[in-house]
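The structure appears below as structure tokens.
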Amino acid sequence: MAASRPEPIHLRAGGVSLVLDVGGPRLPSVLHWGGDLGDVTPAQLRELALAAVPAVVSSGLDTPAELSVLAEHATGWPGLPGLRGHRGGTAWSPLFTVTSAHAAGAEVRVEAVDEAAGLELAVWIALDATGLITLRAAVRNRHPAEPYVLDGLVLNLPVPAEAAELLDLTGRHLRERSPQRQPFTVGSRVRESRRGRTGADASLLLAAGVPDFGFRSGEVWAVHVGWSGNHVTYAERLPDGRAVIGGGELLLPGEVRLEPGEEYTTPRLYAAYGHGLDGVSDRFHRHLRARPGHPADPRPVVMNTWEAVYFDHDLPKLRALADRAAEVGAERFVLDDGWFRHRRDDYAGLGDWYVDEDVWPQGLHPLVDHVRALGLGFGLWVEPEMINPDSDLARAHPEWIMSTGGRTPPEVRHQQVLDLVHPEAYAYVLDRLDRLVAEYAIDYLKWDHNRDLIDAGHSPRGEAAVHRQTLAVYRLLDELRRRHPGLEIESCSSGGARVDLGILQRTDRVWGSDCIDALERQSIQRWTQLLLPPELIGSHVGAGHAHTTGRRHDLAFRAGTALFGHFGIEWDLTSASVAERAELARWIALYKDVRGLLHTGRIVRADHPDPALWVHGVVAQDRSEAIFALVAVATSVVAPPGRVRLPGLDPRATYRVEPLAPGDVAAGINHVLPSWLARGELRLPGSVLEQAGIQAPDLYPEHLLLLRLTRE
């Protein structure tokens, strides 16, 4: 008797269904990824599999091929193959046969083999309690004698015909996370990052959705590659109507050569389905917050010294800055670039991770002791993956500079990349960081990474090494945190150029951007929060005159913008007036009061039709309270702006709506305020607030108004 065909596997969680056909002999295909299908019986799942078989059309395959989560050229798939590689020009088109497929809880593991190609494959597909999907794969060379050169291993998921529009992000230094949309037509949309780090122009999320999907409307399917090196995300639609989105690591030539018995495992590909972009975001946020290592303590107010003093490290000045920081309510003091040997500017010193004896004859102890006496934690800036050619380290070990051999890569910010694939270089950096953290009982490292990896080869042969460099950085972070369990680390990379779920397995927040102009940050934070919750995004209050754009903003706009992140200060408070410091102290007191809500609640963004007025907020998980910001990012063609809707509330509950001080000033051309605002409060059901909305005041451009909602 023939063995019965395995039943399709139905994974359900968080309002999402994922149905996998594991009947073999080919790799598993996805029968459905989207909204929850309910309690579907095994017989109905078999019917679903039957319903998914397409017609045979002119010039098509005689037997329609199923599209697996790892697409195979040998099945007739004409798009990007999931596995690309060869064995001396052979074994370039593998065709895997499933040997086992089983589900353990919410994870499915499939094992397969191609005897002719001499390859084994394992694929893991998991659906967590939030409805977020995680995919990984591993390929092993089972040939007894010959190596296998792996050119790429990527995974994908299908999306339906309704997903007819694509959204991804691009950007640059000081202008990260800029959205761009296009129709999802027949053909390929491929986003490759060859920067050796995630990149300021990284897509972050690749989303496919129904036309004109918004934050609160339309079905959306999205993927993210959790990897901090070279990577690819892609969307493909074929003339036969099939469409996929996927991604993985982008391998440079020769980076992964599998000797007999060796294997390669992909980074995680994350996939989220939701109603609107807020639905997608919410899955990522809940997934991150459920991690065992997610920051649990209230996120402390940070005073960072960079835009306050730059390289001018003067002990009396820094002590005075710490005094002012403590006065306004800061809880952590971070000494930025300029503390180590030869570092009077950005031309020299990277790699010489010793406290500069000329600037700090007693080491950092006088400053650290003063900071701790004020009740503040102490943090330090480092850039361990980089090296200045003008440094003692480079002069002693020029072979530790990444290069392809025979030439030096172009410099960026007068620096090169330290090749951590060299065991000695890795050991040196680990030792220096370990000693610094131990000597000064450092609470926090601002871990910077200020350039792309160009010609990133490993000496002496110069073979491509971004893959191994990324793994070495991961090991370095893991080992340092193992030795110092209480240490927190920020991922900074020319601002926001290393934002991904690979680095965030090992760090406690990211620096959203080197630009802290509040208007730019409104957009940067809005789109970074597609992936990350506010507590993981460093957001600081800068000086009134923005250093990176030349704009000037009132303190209320700067602080009200920083409020919706991990709040900090990047401002020379010794030059701030008494009134400015008093106002900043009020904002810090507000942050401390509401950070419990901001860092646990659900992000909501209204699809307001006027592009000049943005409405966003955070709603408590139990919907008992919320904070909203009405933000005028430009002048509008209409005045007054009309009604705005406040989404995400309990429709059956009544809420008290009131302005939230100190962000309660509706600065604008309001001869008479909206009646409810003039009265100072409003009481309405959540259904009315979301469906009908409330009149907004006129606001000057680059101003905001905060609202607090409390369920009665």
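Sequence-distant or interchain residues sharing an amide H contact under 5 Å with residue 206, placed H: which?
Those qualifying (amide H under 5 Å, at least 5 residues apart or on another chain) are 223.
List the trypsin sites (Lys or Arg not before Pro) within segment 528-561 that fall in a DSSP loop (any state other than H, G, I, E or B) and whose Cβ has at most 16 other Cβ atoms within 10 Å. Present the calculation step by step, with values, prior to reporting the outcome.
Working: sites: 551, 552, 558; in loops: 551.
Loop-located and lightly packed - 551.
Which residues' amide hydrogens lie under 5 Å from the amide hydrogen of residue 510, considering only partners 5 or more residues apart or on another chain, with H built in the peptide plane?
Amide H neighbours of residue 510, under 5 Å, 5+ apart: 491, 537, 538.
Mind checking the dipole of segment 84-225: about its Cα centre, +1 per Lys or Arg Cβ, -1 per Asp or Glu Cβ, Debye to the nearest 20?
For segment 84-225, the charge dipole is close to 600 debye.
Could you work out the local net charge near residue 40, counting Lys and Arg as +1, Asp and Glu as -1, over the other residues with Cβ closer than 13 Å to its Cβ? Let's see the in-between values first.
Details: positive: 12, 46; negative: 7, 36, 39, 47.
Result for the neighbourhood of residue 40: -2.
When DSSP beta bridges are limited to those with both residues in segment 339-480, what percentage is antiparallel, rounded to the nearest 5?
Taking every DSSP beta bridge within segment 339-480, about 65 percent pair in antiparallel fashion.
Charges only on Cβ, +1 for Lys and Arg, -1 for Asp and Glu: so what's the dipole of segment 9-157 about the Cα centre, in debye to the nearest 20?
Values: 9 positive and 15 negative charges, 44 e Å.
The calculation lands at about 220 debye.
Hey, what do the phi angles of segment 294-302 turn into as Karplus ³J(HN,Hα) couplings, whole Hz, using 6.51/-1.76/1.60 and θ = phi - 60°, x for Gly and Pro?
5, x, 9, 6, x, 5, x, 6, 9
How compact and how long is segment 576-712, expressed as Rg and Dmax of its alpha-carbon atoms in Å?
Every Cα atom of segment 576-712 included, Rg and Dmax give 14.8, 47 Å.
Figure the gain on full extension for residue 59 and residue 581 (residue separation times 0.36 nm, minus the Cα-Cα span) and round it to one decimal in nm. Could the numbers behind the result be given before it?
Details: separation 522, 0.36 × 522 = 187.92 nm, distance 7.37 nm.
Result for the pair: 180.6 nm of gain on full extension.
Within 10 Å, count the other beta carbons around each residue, average over each peptide in 572-585, 465-478, 52-65, and list them highest first.
Result, highest mean Cβ count within 10 Å first: 465-478, 572-585, 52-65.
Using Cα pairs closer than 8 Å and at least 6 residues apart in sequence, work out the relative contact order for segment 440-505, in percent.
Computed value for segment 440-505: 47 percent relative contact order.
Quick one: Debye curve from the alpha-carbon atoms of segment 273-409 only, equal weights, vacuum; give me log10 I(q)/I(0) at q = 0.09, 0.13, 0.21 Å⁻¹ to two decimals.
-0.44, -0.75, -1.14
What fraction, in whole percent, of alpha-carbon pairs in segment 610-666 exceed 13 Å separation? Intermediate results must be reported in sequence, preceding the final value.
On the way: 1068 of 1596 pairs.
Across segment 610-666, Cα pairs with separations above 13 Å total 67 percent.
Around residue 597, under 10 Å between beta carbons, what's the net of Lys plus Arg minus Asp minus Glu among the other residues?
0
From Cα pairs below 8 angstrom and at least 6 apart in sequence, can you work out the relative contact order of the chain, rounded to a whole percent?
Reported as a whole number, the value is 10 percent.
For a bin width of 10 Å, list the pair-distance distribution of segment 502-624 built from all Cα-Cα distances, rounded to whole %.
P(r) for segment 502-624, in whole percents per bin: 12, 42, 35, 10, 0.
Which peptide among 493-502, 694-703 comes first, and what is the full order, when sorted by highest mean count of other Cβ atoms within 10 Å?
With the highest mean Cβ count within 10 Å placed first, the list reads 493-502, 694-703.
Counting pairs of alpha carbon atoms under 8 Å apart in space and at least six apart in sequence, what relative contact order in percent does segment 503-544 give?
Numbers: 27 pairs, mean separation 21.7, N = 42.
In percent, rounded to a whole number, it is 52.
Distance in nm between label sites at residue 653 and residue 593, each 7 Å beyond Cα in the beta-carbon direction?
If labels sit at residue 653 and residue 593, their model points lie 1.9 nm apart.
Determine the principal axes of the Cα atoms in segment 553-628, then give the extent along each, sorted from largest to smallest and rounded to whole angstroms.
In descending order, the Cα extents are 40, 30, 17 Å.
Whole-Hz ³J(HN,Hα) for each residue in segment 672-680, computed from phi via Karplus 6.51 cos²θ - 1.76 cosθ + 1.60 with θ = phi - 60°, x for glycine and proline: what do you get?
Ordered by residue, 3J(HN,Hα) equals 9, 5, x, 4, 5, 6, 4, 6, x Hz.
If only Cα atoms are counted, what is the Rg of the chain, and what is its Dmax, in Å?
Radius of gyration, then largest Cα-Cα span, for the chain: 26.9, 88 Å.
Taking θ = phi - 60°, what integer Hz values does the Karplus form 6.51 cos²θ - 1.76 cosθ + 1.60 yield along segment 155-165, in sequence order, with x for Gly and Pro?
In residue order, the calculated couplings are 10, 8, 9, x, 10, x, 4, 5, 7, 9, 9 Hz.
Identify the trypsin sites (Lys or Arg not before Pro) of segment 635-701 meeting these criteria: DSSP loop state and at most 11 other C-beta atoms within 10 Å of the C-beta.
Answer in residue order: 652.
Residue 129 to residue 257: extension gain in nm, 0.36 nm per residue of separation minus the Cα-Cα distance?
Going from the current span to full extension adds 42.4 nm.
Each reported figure results from applying straightforward, stated rules to the coordinates on display, with no laboratory input. Note that the structure is a prediction, hence the values are computed from the model and not measured. A quick note on method: Cβ atoms are made from the backbone with ideal geometry, for glycine too, and the neighbour counts reach across all protein chains shown.
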